[in-house]
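The values are calculated or read from the model by the stated rules, or taken from the named source; none is laboratory data. Nothing here was measured: the structure is a model prediction, and the numbers come from that model. Quick reminder, even Gly has a Cβ in these numbers, built from the backbone with ideal geometry, and neighbours come from all protein chains shown. Surface areas here come from the heavy atoms of the whole protein model, side chains and all, with no ligands, DNA or RNA. Shrake-Rupley method; radii C 1.70, N 1.55, O 1.52, S 1.80 Å.
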Amino acid sequence: MRSHNSQVTAHIAEIKDKVEAATSQDDLVSVIRYVENHPGPLDYKDTPYRIYSWAHLSMVVLMMLSFLLVDSIGSAGIIFLPVYWFVGYSYLWLPALSFYVLWTALDDRNKRLPLPVVFDKPSVRILLSLALGAGLWFVPMWPFIYWDFFSLLSNFVGGFEPSFGLGIYALVIGGLLWFWLRSRKHWRNDVSERIFLLDALFNNNLKPVEFSGDSMAKSLCDEFREFKRGNDIRRIEALYKGRYEGDDLSFEYQLYYFHYVQKRTQTYKDSNGNTQTRTVRDHYYRHGILMDFPYAKALSLDGDHRIKFQGEDYRGTSNAFNKTFKAKANDPLSIARFLSPVLEERFVQFSKAFKLPTLEVSFKGRLCLAVDNDVLALKRQYGLDNPRAFAEEIEGHTDLSKLQEMLALIHDVMRFNDNNFSNTNTNTNTGVV
């Protein structure tokens, strides 16, 4: 028979598989209803791991307190006694507790030790673990082995005392366990976020596209200056395809999520006052739209100014536009035809709602509109911890308002550059902004 925690792991994996297999909003609602009425356990019983984590972190806290007290008043007196007993005798209780936690971890993975069934009872395991700790008292060499290990660890990290090595070990083990337990306890949050994102994609007719993040970024870097950012990592993290149905025009497009890294060397003073250097990596992200654009080639509108676009400078008729964007094109006449006064004003208004926007049309006749805003950023009210309310929320319509604003801008750019709408453009310039 599977342990409680192994059942929970299997159930969560099943729920995640159902989420990823969903092809519509109704499928997502069905998954939420399934969680609401799930017959099996969905919450881990992690008490042994929590005790293990807090035991390690408590050692760190006690050692730090004793150090501060001794340093400030010269003697910790009776306050030091709990530290002495708790940390000093850790060579007995820590192996015993570790044995019990290891046994529990094997059980959670359905790996049983070749022992009689009676040992499956927690009380029997606790007694056996205590017996192990008590038995180590009668092993004369064990304390030396235990403290020699932490002495080596202390020397490795630049310390001198074995207790320092124990403190580093306890901090790492206790900290990692704390974060791991937190993620297990709040697994519903990540799954809820995924459901909410998929619902937004379904509502906005967006479908994931298979791609290679590194190779696609390299290909786009060869075509668009927008992707010549950073000096380390350049990667497309997500890619979706969609279709926009405007009042006058409709078009296919791709929505991407671009990640790039700027690597730099930083100097600093160490504890001895010596100048040292280290490598620092700053991570940045951009969202953007890619699509075919048959109305122009090789031009750019730069509202970012962190990268250099190619071509000759062009100044528009609007001072507000010229302050916000640097316009460039290989052929100045082409960008003069591309930009009308009403489009200049349209871009100025767009820049007030978006961070560092750029629009670029490549030599291949493809358009890239990019911003620093996370256009897929969503804020949900509920989650799988309240499945009934979450299902009702998902059943509504989730608009990606930032994405719709970007698509509306592209629609206007196309309309004002399409000769089929030239007469309309003349008559409706004042009503587009």
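For (1) more than 20 Å from residue 181 (Cα to Cα); (2) surrounded by 14 or more Cβ atoms within 10 Å (Cβ to Cβ); (3) out of contact with any Cys (no Cβ under 6 Å at 6 or more places or on another chain), each residue gets a yes or a no:
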residue: 2; (1), (2), (3): yes, no, yes
residue: 5; (1), (2), (3): no, yes, yes
residue: 8; (1), (2), (3): no, yes, yes
residue: 25; (1), (2), (3): yes, yes, yes
residue: 31; (1), (2), (3): yes, yes, yes
residue: 54; (1), (2), (3): no, yes, yes
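Going by the structure shown, is residue 180 at pLDDT below 95 and part of a helix (DSSP H, G or I)? For residue 180, the condition - at pLDDT below 95 and part of a helix (DSSP H, G or I) - is not met.
With the condition kept exactly as written, say whether any residue in region 265-288 is more than 26 Å from the chain's Cα centre (by Cα), in a loop (DSSP other than H, G, I, E, B) and under 28 Å from residue 401 (Cα atoms). The answer is no, given that none of the residues of region 265-288 is more than 26 Å from the chain's Cα centre (by Cα), in a loop (DSSP other than H, G, I, E, B) and under 28 Å from residue 401 (Cα atoms).
Taking the criterion of being in contact with an Asp or Glu (Cβ under 8 Å, 6 or more places away or on another chain) and surrounded by fewer than 19 Cβ atoms within 10 Å (Cβ to Cβ), the residues of region 338-371 that qualify are 353, 355, 356, 363, 364, 365, 366.
When residues in region 383-433 are screened for being of a type in the set (Asp, Glu), open to solvent by less than 90 Å² (accessible area, probe 1.4 Å) and either part of a helix (DSSP H, G or I) or at pLDDT 95 or above (or both), 3 of them pass. Of the residues 98, 90, the single one that is surrounded by 15 or more Cβ atoms within 10 Å (Cβ to Cβ), among the small types (Gly, Ala, Ser), over 33 Å from the mean Cα position of the chain (by Cα) and farther than 22 Å from residue 43 by Cβ is 90. The single condition among (1) closer than 25 Å to residue 298 by Cβ; (2) modelled with pLDDT of 95 or more; (3) open to solvent by less than 40 Å² (accessible area, probe 1.4 Å); (4) not aliphatic (A, V, I, L, M) that residue 230 does not meet is (2).
When we screen 348, 261 for residues that are β-branched (Val, Ile, Thr), in a helix (DSSP H, G or I) and either on the phi < 0 side of the Ramachandran plot or in contact with a strand residue (DSSP E or B) (Cβ under 8 Å, 6 or more places away or on another chain) (or both), the only hit is 348.
Step by step: first the residues of region 123-150, then only those that are of a type outside the set (A, V, I, L, M, F, W, C) and in contact with a Phe, Trp or Tyr (Cβ under 9 Å, 6 or more places away or on another chain), then the one that is farthest from residue 87 (Cα to Cα). Which residue is that? Looking at the filtered set, the residue picked out is 125.
Yes/no matrix, rows are residues, columns are (1) closer than 18 Å to residue 96 by Cβ; (2) open to solvent by 70 Å² or more (accessible area, probe 1.4 Å); (3) in contact (Cβ under 8 Å) with a residue 60 or more places away in the chain:
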position: 129; (1), (2), (3): yes, no, no
position: 133; (1), (2), (3): yes, no, no
position: 146; (1), (2), (3): yes, no, no
position: 155; (1), (2), (3): no, yes, no
position: 164; (1), (2), (3): no, yes, no
position: 170; (1), (2), (3): yes, no, yes
position: 173; (1), (2), (3): yes, no, yes
